[in-house]
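Note sheet for the following structure.
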Amino acid sequence: MKFTNEEILETVGMIAEDKLDIRTVTLGISLFDCSDPDPAVCARKVREKILKKGANLSEKASFVADEYGLPIVNKRISLTPISQVVPVADPAAFVEVAHAVDGAAGEIGVDFVGGYTAMIQKGETAIDRALIAAMPEVLATTQRFCASVVLASTKAGINMDGCYTMSQVIKDAAERTAKQDGIGCAKLVLFANPVEDNPFMAGAYYGAGESESSILVGVSGPGAVRRALEKLGPDADLGEVAEAIKKSAFKITRAGELVGKKIAKQLGVSFGNLDLSLAPTPAEGDSVGQILETMGLAMPGAPGSTAALMMLNDAVKKGGLFASSSVGGLSGAFIPVSEDASMIKAAKVGAITIEKLEAMTSVCSVGLDMIAIPGTTNAETLAAIIADEMAIGCANNKTTATRIIPAPGKDIGDSVHFGGLLGEAPVMAVSQVSADTFVRRGGRIPAPLQSLKN
Amino acid sequence: MGKNKKRIVVTVIGTDEVGIVAKIATVLAENNINIIDINQKILDDEIFAMTLLADRVKSSLGLPEITTKLQESIKELSLTVTVQDSEVFQYMHRV
C-alpha cells in the first residue's frame, strides 16, 4: 500500500485519542473600504462585508473537516483594527459598529471575531481614546467581538499611561460582567510587539499589510506531542526528547497546512499562514502542561519549567518550519492557565505562581494568559503586572501579552468558570507589595537598547 | 494525484469478529467504490485493525455518507470506522 498500516493507525490515533485537531480556521477580512464618518453607514458597510466574505466559512470548514477526518474546533474572523476603520472620536460610534460586527458574526455562525483593536504603544489619538472609552461597554454587551490594545513595542518602549488606563478598563469590564465571573476580560488582550496575522483569539486582528481576505490557521496538538514523548520512556535524554517533539510537530503542521490550503481554495481566497502554536484546551490530555509533566516535571511551575518550555517551544518551531512554507502568526507554545487542565491543577495547589508564569513567558508565546486574580487587586498593581509583561516582550524583541481577569467578589481559593474553550481558573495570589507611585508617574518607558545585549 | 482519482482511506478498529472485511467490502462495492489495497491485522491477539485504500471517483457519495453507510453495516459490532481523503496521510507521512 501507499501508506503502511502503522502510519494510518498513527494518524487515526492522533485524532481520536490525542485530540489532534485544527483549533481555529480564521478568515481575515480587510475593512479599509468600510470606513465612513457616519457611524450608521460605517456599521452597515462593515456588516455587509462580513456577511459577504464570511457567508460560506462555516459550511466550507465543515466540508473540509469531513473530508480529512480532522475536527475544526472554531471558525473565526479577524478584522482590520477598528480604530483604523471608524474615523470618529465618539465612543457611541464604536459601540454601534461593534454591535454590527457581533450581529453579523452570529448570523454566519462564527465563534469569535477579533479586531476591536487600538495601537497606542507611543501614544493615543482622539479616536483611540473613544475606542477605549467604549471598550468596557462593548466587552459587556457583545458576545463574540474580542478586543486588543498594543501598549508596547521594542521600537517605541512602553506606554505607561496606557498600562494604567487599560488596567482601569479591565476592572470596569470585570465589574460589568461580574455575573459571569468577569468574562469580559477574557476577551481583552494587551500586547507588546503583536503580529498582524494571528489566527488565535482574543488577540487576532488583520493587519494593514495583509491582503483583501485570507485564511489563517491555528493547529492544536499538545496531546499528540505528549503521546510521542510517552513512547520514548523516561530514559531518553533531552536531545532525543527534542527530536521526538520535532517529528510530531512536523506531522501536526502538515495536517494544518493541508486543511488551511483546502479551505482557502474552497472560499476562493489566499492561504495566509499557519500558526505553529501548541494551543491547549481544557479537555483532559489536550494540555501543554502535561507535556512538561511527561518530560519529567512533577507539575508545571516546578524548577526546570522555563528550561523545559524553551526546549518545547523551540523544537515545535524547528519541526513545523520544515513542514510548511507559510508559517506566521504567534507560533509558540501557549500556557493559558484556565484553558489547560494540568495548569489549572498546578495553580490550585500553588505549584505555579504568577511570578513563575512570567518567567516562562520569556521563552514562549504569548504571555500571562487567562489568569484570574482577586477582584480587589487595585488598578496600580494590575498596571504594574501588565508593564512587567510588556517589558519582557520589549527587551526580547518578541510578542508578549496579558489577559488577566480580576474576578469580582472572588479571592484566593475561589475559582472562575467560563465554560467552553475558555475553561476555569483558580484565583491566583498577587504580590501585596505596592507599585503605586511607580505606576502613577505615567509617561513612557523609552525603547530598550538593541545592542550590548547582556 | 490525477483528476480521475479520488482516493480514500478506510480504517476499522475494534473487537475482532468473523466477517468484518466482507461487510465493509460489500458496502464499498454496492456504492461503486473500488478497493485498491487492503491490510488487516489482529493487534495483541484481540484488537482488529483494518486499513484500506480505495478509489471513490465513480461513486456519487460524499465522505460523510460513505462513513454513515459503513457504520450502519457493522452497527451491531464493537468497531469504529473512519473514512478520510488519502491526501491527509500523504501530507503527514511523506516529505
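Structural remarks
- Projected onto planes of every orientation and averaged, the convex hull of the alpha-carbon atoms in the range A:17-133 covers 8.4 nm².
- Based on Cα contacts under 8 Å between residues 6+ apart, chain A shows a relative contact order of 17 percent.
- Equivalent-ellipsoid semi-axes of the range A:389-454, from the Cα gyration tensor, Å, largest first: 31, 18, 10
- Fraction of beta bridges assigned by DSSP in the protein assembly as shown that are antiparallel (%, nearest 5): 55
- With a threshold of 20 Å on the Cα-Cα distance, the over-threshold entries among A:Lys49/A:Lys122; A:Lys2/A:Lys317; A:Lys53/A:Lys262; A:Lys318/A:Lys345; A:Lys318/A:Lys398; B:Lys6/B:Lys69 are A:Lys49/A:Lys122; A:Lys2/A:Lys317; A:Lys318/A:Lys345.
- Divided by 2.2 N^0.38 Å, where N counts the residues, the Cα radius of gyration of the protein assembly as shown comes to 1.01.
- The range A:238-340: mean projected area of Cα convex hull, nm²: 6.9
- Helical mean residue ellipticity (222 nm; -39500 (n - 2.57) per DSSP H run of 4+; nearest 500) of the protein assembly as shown: -13000 deg cm²/dmol
- C-alpha long axis of helix B:20-30 to longest principal axis of chain B, angle in °: 30
- Cα-based reach from A:Lys410 at 16 Å (exclusive), listing aspartates and glutamates while leaving out same-chain residues under 8 positions away: A:Asp172, A:Glu175, A:Asp181, A:Glu424
- For the listed residue pairs A:Lys45/A:Lys75; A:Lys247/B:Lys75; A:Lys75/A:Lys179, the alpha carbons are over 25 angstrom apart in A:Lys247/B:Lys75; A:Lys75/A:Lys179.
- The range A:345-454 - Debye-derived log10 I(q)/I(0), Cα point model, q = 0.18 Å⁻¹: -0.97
- Calculated translational diffusion coefficient of the range A:153-204 (25 °C, 0.890 mPa s; Stokes-Einstein with Kirkwood radius over alpha-carbon pairs) equals 198 µm²/s.
- Cα shape, chain B, gyration tensor, a/c 1.5 rule: oblate
- Each peptide in A:62-73, A:174-185 gets a packing score, the mean of other Cβ atoms within 10 Å over its residues, and the list from highest to lowest is A:174-185, A:62-73.
- Whole-Å distance, taken between Cα centres, linking the range B:27-69 and the range A:90-112: 45
- For the range A:64-151, the Kirkwood radius over C-alpha pairs fed into Stokes-Einstein at 37 °C and 0.692 mPa s yields D = 238 µm² per second.
- Theoretical gain in end-to-end length, A:Asp237 to A:Thr125 [0.36 nm per residue, Cα-Cα removed]: 35.0 nm
Values in this text are rule-based calculations from the coordinates and carry no lab data. Everything numeric in this text was worked out from a predicted model, so none of it was measured. Because the Cβ atoms are built from the backbone with ideal geometry, glycine has one as well, and the counts that use them run over all protein chains shown.
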